[in-house]
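This report concerns only the one structure given below.
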Amino acid sequence: MVADALSTTVAVALAIALGWGLGPTLGRWSTHHRLARFLVGLLTELRMLPILVALVPVLAARSGLPTCAVVGLIGGASRTAVVARWMSHAEPHGQSGAESLGSAPRHPVGRFRLRGAAGASMLEVTFEVALLEGVATFFGDGRGAGLGAELAQGRFAAVIPLVALAAASTVLLDRSPARLRRRAQV
Amino acid sequence: MAEAIRRLLGLVPVLLVGSIVLFFLLGKHPKVARELSLPLFFAQEPISASTAAERAMRGAAVGDSAAVRELQALGGAALPHVLPRLSELPVTQRRRIAAALEPVAHRMQIGGYRTGTSLDSALTDPSSSADQQLLSWERYYEDHDLDFRPLSVERLVKRLSTRRSGMREADLLAVDTYALPHLVRALGRVDSPEDADRVRRLSPVIARLSGHSLRLPGDLSPAQARVVASDLRRQFDRTGFKFTNLGRFEELTAHVMQTEFGVWWVQNVREIRGIDAPRVYAALSRGFWQSAPLLTWAFVGALLLGPLTAGFLHLALLRRRSPRVLRRLRLGLGLGSTLLIPLLCLRGPGSTVLAAAALLLTATLASTALLSGYLSGKLDWRSRATLRRRPRTRRLMSVASALLLTLPTLLPVIAGEVFLWVACLELSSGRDGLFPRTMLALERGDLHALLAMSLLSWISIAIVQTLSDALIASSEQGAHPW
């Protein structure tokens, strides 16, 4: 169970880091570059395909990466798409304030404002990772890694660390850097 | 709108490339690969009746037992390629081939077909010597080579498909599996009782020639006949090319058509055109309609109740100067939605009403958390001060328009989350629906079902996303679509 909890934690951390690191950049690029826009669109379309779980064992076998890393990468790609979509579409105008309820995402204050929506859209990351782990066991040889795989095999005690992980990631994602928060209040 | 049309048209090549990539990825999985009998994308040496017969003949000539079995399975389809070339082989090898073809002579009932002539009786007489059998085969082909022509077999099949008679079946037995491709083609589209009668006449012959067992119900309805015809065609798609003579162009296309990808395309096209009875798509459609009530309630929560709650909360808390209350509220909503999901995963309610209520609550909480995160990011203290000074109606309009503008962005994002929640609930409660069927397909390694699911969900999300983007673009240009 400890190993599974660690595996899921690594996968969730990787997914959050990827989504939070790449999502905003990709979202901003997609407002200017057609290729980035296409990529965001494609990732949004692909993120919930059942085929993704087929990728887990295939990628793990071919790349030599551990399963948790592959699950984290796939979950991260999915979250990158969500955050990028918010960044590119939620703020279509360059204005700010109540007139248009828009702000410039290039500005740090604007970025802070967008953290709300983008951060909230990351809340499901733990369950997406758990679902990937769980469903991948159906497509593998019955064995799997992570709390999702434990749940899929009927070991319901795995739900306790999963809830703790989900709550911890929710609290973590809700926190904003104090520097940006202060600037937004000015 | 032009951009939306351009994107929807651009979806076609993307899906084509995507289906190849998906096919490759799934085909490489050991669980799926075990079920595949053909190469994935490219058949290096396509098989036709002539190549299969040639290979089996060469093997049987040297006494290879597998080749003997293959030659016997090929039956009549191999005869036009084997019998004219017997003279090229040494006598001992010819004898072996004649002996290998003996079960074929039994199946073709050649003795019964021309009873009383010494010419054919040797073929079905087990006591006849190998030399006699060889001589009889050579003479048989001299007599019947005109029967092994597409036009004459086409005519025989047409006669059998219009009216049944023992003599017509016997005529077809005389050419054995050579008639198989023509018989399968003659099954055609099955819509009316006349079509069902045609299937009733042709299908037992096809089943006997291809070595399958077939039981037809006494009163074959058009729907049942369609299923029978589709099953026979699907079986023939995988094994039929060794009975078929290929032309130049067909030889070229066979490199792709005799692959798993080619068979998948052909079967999909037939299913979409309504020639074959729906199999994969029918199962998916049933699963979708079983999941539809839950999906609907989840979407109602996410797209209607969530925005309404978020808007109401922000208007109610507008007078609070400190953003701390909003932040705490947002955190509470986030925690509430994330803690509800494990309950769905752990034990989903069996009753539809309870399941719908649980999903409605989860979706509303998650959507409220997301949108209040968006609104609290939007409404800094300056914006909130501006809004506070406005009359109540304008205040309401400002928040409502902000939320409405967000819906097109939210829709493709939340669709993924809705699928996640419904999947958790269906899997934990043991309900039948789209997701348990997906699990079943995953467990079985059913390539066709998985591809159909993937492509359908891809297309639906792509259409939703394109339309959402069109709405966003039109709202940016000032033409509010609402």
> Which of B:Ala170, B:Ser221, B:Phe236 sits closest to the plus end of the dipole of the stretch B:150-258, meaning its Cα is farthest towards the positive end, when Lys and Arg get +1 and Asp and Glu get -1 on the C-beta?
Replying inline: B:Ala170
>> To the nearest 20 Debye, how big is the dipole of the stretch B:150-258 about its Cα centre, given +1 on the beta carbon of each Lys and Arg and -1 on that of each Asp and Glu?
In response: 100 debye
>> How large is the convex hull of the C-alpha atoms of the stretch B:150-258 per residue, in Å³?
In response: 104 Å³
> Roughly how crowded by other chains is peptide A:57-64, in terms of the mean Cβ count from those chains within 10 Å of each of its Cβ atoms?
Replying inline: 2
> What is the fewest-to-most order of B:Tyr281, B:Tyr374, B:Tyr140 by other Cβ atoms lying within 10 Å of their Cβ?
Replying inline: B:Tyr281, B:Tyr140, B:Tyr374
> If you bin the C-alpha pair distances of the stretch B:203-322 every 5 Å from 0, what whole percents do you get?
Replying inline: 2, 8, 12, 12, 12, 11, 7, 6, 5, 5, 5, 4, 4, 3, 2, 2, 1
> Does the stretch B:281-444 come out rounded, prolate or oblate by the C-alpha gyration tensor, with a ≥ b ≥ c the root eigenvalues, rounded set by a/c under 1.5 and, if not, prolate when a/b is larger than b/c and oblate if not?
Replying inline: prolate
> What does the highest-first list of B:4-12, B:416-424, B:269-277 look like by mean Cβ count within 10 Å?
Replying inline: B:416-424, B:269-277, B:4-12
> Can you list the aspartates and glutamates whose alpha carbon is less than 19 Å from that of B:Lys28, not counting same-chain residues fewer than 8 positions off?
Replying inline: A:Asp141, B:Glu260, B:Glu443, B:Asp446
>> Taking each residue in A:119-132, count the Cβ atoms of any other chain within 10 Å of its Cβ, then average. What number comes out?
In response: 6
> What do you get for Rg/Rh of the stretch B:418-457 when both radii come from the Cα atoms and Rh is the Kirkwood radius?
Replying inline: 0.98
> Expressed in nm², what is the orientationally averaged projection area of the convex hull enclosing the Cα positions of chain B?
Replying inline: 30.9 nm²
> Any idea which of B:Gly416, B:Leu339, B:Phe312 is furthest toward the positive side of the dipole for the stretch B:281-444, if Lys and Arg beta-carbons carry +1 and Asp and Glu beta-carbons -1?
Replying inline: B:Phe312
>> Need one value for B:446-455: mean number of C-beta atoms belonging to other chains within 10 Å of its residues' C-beta atoms.
In response: 2
>> Using the basic label-point model (7 angstrom from Cα toward the beta carbon), what is the B:Ser37 to B:Asp432 distance in nanometres?
In response: 2.8 nm
> Which ³J(HN,Hα) values, rounded to whole Hz and listed in residue order, are derived for the stretch B:328-334 from phi using the Karplus coefficients 6.51, -1.76 and 1.60 in 6.51 cos²θ - 1.76 cosθ + 1.60 with θ = phi - 60°, glycine and proline given as x?
Replying inline: 5, 4, 4, 5, x, 5, x
> Working from the pairwise distances between different alpha carbons, so that the mean of 1/r is found and then inverted, what is the stretch B:20-60's Kirkwood radius in Å?
Replying inline: 12.3 Å
> In percent, how large is the relative contact order of the stretch B:150-258, given Cα pairs closer than 8 Å and 6 or more residues apart?
Replying inline: 27 percent
> What is the gain in length, in nm to one decimal, between B:Leu9 and B:Ser351 on full extension, counting 0.36 nm per residue of separation less the C-alpha to C-alpha distance?
Replying inline: 118.9 nm
>> Please arrange B:Lys31, B:Lys158, B:Lys242 by how many other C-beta atoms lie within 10 Å of their C-beta, fewest to most.
In response: B:Lys158, B:Lys31, B:Lys242
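Every number here is computed from the coordinates shown, using simple stated rules; none is lab data. Since the structure is predicted, the reported quantities are computational estimates derived from the model, not experimental observations. Positions of Cβ are backbone-derived with ideal geometry, glycine not excepted, and every protein chain shown enters the neighbour counts.
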